[in-house]
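The values are calculated or read from the model by the stated rules, or taken from the named source; none is laboratory data. Because the structure is a prediction, the values reported are computed rather than measured. Positions of Cβ are generated from backbone atoms using ideal geometry, with glycine treated the same way; all protein chains shown enter the neighbour counts.
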Amino acid sequence: MKHSVEMVELKNGGKGLLINVPDSSVMNFDFNFRAGDYLSPKGKWDTAHVMEHMLFGANERYRKSSNFSKEFSKNGAYSNALTETYHMSYVAECADFEAERILDLLCLGLESPLFLENEFNAEKANVREELKGLKNNHFGELSLKICETMGQYDLTIGDRIRQLDSIRITDVKNHYHKTHTTPNMRFMIGGNITKHRDAIIERIESIKLVKDGNRIPLPNENIINVVKPICLKNKTVENIYYRWENATPRLLDDKEEFAVDVLFGMLLDTLHSRIFGKAREQGLAYHIAHGRYRISNRHIWWIGGQVIPTNIQPLFELIKKVLVDVSNGLFSDEEMVATKQYALGNFQRGFQTVSQLLSAYGDQFVYNDQIEKFFEIPKRIDNLSSIDIINAARICLNEIRPSVLGFYGAINDIKPTTLKKCLDNAVYKV
């Protein structure tokens, strides 16, 4: 999608990206604060989450949350908010003709929440309902337990529900005042910026938030290797949910991040891929998930899914063999060419909307205050070599990497320790 990007630093300490998409008929907004769960008071994990639920409630202009919602969405505008471990984001999308009106309402919600007692009670109850629903996500519950055990700032859904009652409205107000400052704010706005630019800058520059302080630092998480597999038994689940989580020895640089992503595309993204494709051919797994994300001082990669107990041993043997083979360079030039072609097409297909563009620029900006070199990605793909893929595999399988393996479900039907030993053999010795 044709676009240009400008980074702006405001006098009030806020920083933002203006992504100009000349042909767009919509405007997208994303306001980000370093205000996630890790900053909640001890023993009151979802303080940040409850605050996020309340922020677009009653404010100084609209004394009832339903009135604010009615005004916001009257021309079809969309809004949402998200609380993660580190960050809290408020997003919106609207027609171009009302871009400045929606920006004003976003800023109004951010700068003047009333935090009414009745809304606090209602939203705490809504958070409880949300968490109860998430507790039915077996893979998600396993993932949280793995991350918590590994040393990340995470908490299982059950523990989060038990802590909800201790959260008070004063905790919510304190969290807001501590985190919602302009130096701690990052924003990304995408659409036909040219005709709105001055109004955008003026409104965000005048936002009524505290202007003192700095961007809140990330936590220093002590990531550990977990020798014993995590086993969460549930007799009502016939399959085995599994997740294998691995931390890189350090933060990856841009080239390494990119190579790791392409590597896992080769291994798991298609029905002819090295791991997933073979697993489908052999009837071992209907689906295999994978991902990569960043924490404060490392990157984490994972493989997971669900499988019937009799298939889990041969599936793990396949995963181990393929990872070791790739780290030893056992793939053809033709496979490398096909992997790059897939990566290029996937890139071009993945960024067709303004919201997708904001997502593409998000991580580099939110974590590093840098602009993602988006237009260089096709060239990066073209320049990617077999050596880059081999090195990516070797970084992921480094013998000193912390890792953890977890299972959920019919635990009595498998041998967790044996399965852990199998994946432990997928290692590259430096």
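Checking every residue in region 217-224 against the condition of being touching a residue at least 12 places away in the same chain (Cβ under 8 Å) and more than 25 Å from the chain's Cα centre (by Cα) gives zero matches.
Can we say Asn75 is assigned by TED's automatic domain parsing to the domain that holds Gly14, over 22 Å from Ser359 (Cβ atoms) and either in a helix (DSSP H, G or I) or of a type in the set (S, T, N, Q) (or both)? Yes.
Checking the condition under 27 Å from the mean Cα position of the chain (by Cα) and either assigned by TED's automatic domain parsing to the domain that holds Gly409 or within 21 Å of Thr182 (Cα to Cα) (or both), which residue from Leu106, Leu131 passes?
Working: Leu131 fails: either assigned by TED's automatic domain parsing to the domain that holds Gly409 or within 21 Å of Thr182 (Cα to Cα) (or both).
Exactly one of Leu106, Leu131 is under 27 Å from the mean Cα position of the chain (by Cα) and either assigned by TED's automatic domain parsing to the domain that holds Gly409 or within 21 Å of Thr182 (Cα to Cα) (or both), namely Leu106.
Scanning region 195-204 turns up no residue that is of a type in the set (Lys, Arg) and within 30 Å of Asp325 (Cα to Cα).
Search region 104-156 for residues being free of Cβ contacts under 8 Å to residues at least 40 places away in the same chain and not in a helix (DSSP H, G or I), and hand back the single one that is surrounded by the fewest Cβ atoms within 10 Å (Cβ to Cβ). Walk me through it before giving the result.
At the first step, the residues of region 104-156 found to be free of Cβ contacts under 8 Å to residues at least 40 places away in the same chain are 105, 118, 121-122, 125, 128-130, 132-137, 140, 144, 148, 156.
Next cut, not in a helix (DSSP H, G or I) only: 135-137, 156.
Details: Lys135: 15, Asn136: 9, Asn137: 13, Thr156: 20.
The residue in question is Asn136.
For region 165-221, filtered to residues that are of a type in the set (Lys, Arg) and loosely packed, with under 14 Cβ neighbours inside 10 Å, the residue that is modelled with the highest pLDDT is Lys208.
Are there any pairs with C-beta distances below 6 angstrom linking a residue in region 85-97 that is over 16 Å from Ser40 (Cβ atoms) and not assigned by TED's automatic domain parsing to the domain that holds Asp363 to a residue that is assigned to a strand (DSSP E or B) and among the hydroxyl-bearing types (Ser, Thr, Tyr), with the two at least 6 apart or on different chains, and if so which? Filtered contacts from region 85-97: Ala92/Ser79; Glu93/Tyr78.
Taken as a whole, the condition of being among the hydrophobic types (A, V, I, L, M, F, W, C), buried (at least 22 other Cβ atoms within 10 Å of the Cβ) and closer than 30 Å to Glu117 by Cα applies to Met51. Residue check: Arg349 meets all listed conditions (1) under 22 Å from the mean Cα position of the chain (by Cα); (2) at pLDDT 95 or above but one, namely (2). Determine, yes or no, whether Glu93 is of a type outside the set (S, T, N, Q), out of contact with any Leu (no Cβ under 8 Å at 6 or more places or on another chain), more than 26 Å from Ile216 (Cβ to Cβ) and buried (at least 21 other Cβ atoms within 10 Å of the Cβ). So Glu93 fits the description; yes. Gly213 falls short on exactly one of the conditions (1) assigned by TED's automatic domain parsing to the domain that holds Leu419; (2) on the phi > 0 side of the Ramachandran plot, and that condition is (1). If I filter region 184-196 for residues that are in contact with a Leu (Cβ under 7 Å, 6 or more places away or on another chain) and under 18 Å from Val127 (Cβ atoms), do I get at least one hit? Among the residues of region 184-196, not one is in contact with a Leu (Cβ under 7 Å, 6 or more places away or on another chain) and under 18 Å from Val127 (Cβ atoms), which makes the answer no.
Results for (1) surrounded by fewer than 20 Cβ atoms within 10 Å (Cβ to Cβ); (2) in contact with a strand residue (DSSP E or B) (Cβ under 6 Å, 6 or more places away or on another chain); (3) farther than 18 Å from Ala199 by Cα, shown as yes or no for each residue.
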{"residue": "Ser4", "(1), (2), (3)": "yes, yes, yes"}
{"residue": "Gly14", "(1), (2), (3)": "no, yes, no"}
{"residue": "Leu18", "(1), (2), (3)": "no, yes, no"}
{"residue": "Ser25", "(1), (2), (3)": "yes, no, no"}
{"residue": "Asn32", "(1), (2), (3)": "no, yes, yes"}
{"residue": "Asp37", "(1), (2), (3)": "no, no, yes"}
{"residue": "Asp46", "(1), (2), (3)": "no, no, yes"}
{"residue": "Phe56", "(1), (2), (3)": "no, no, yes"}
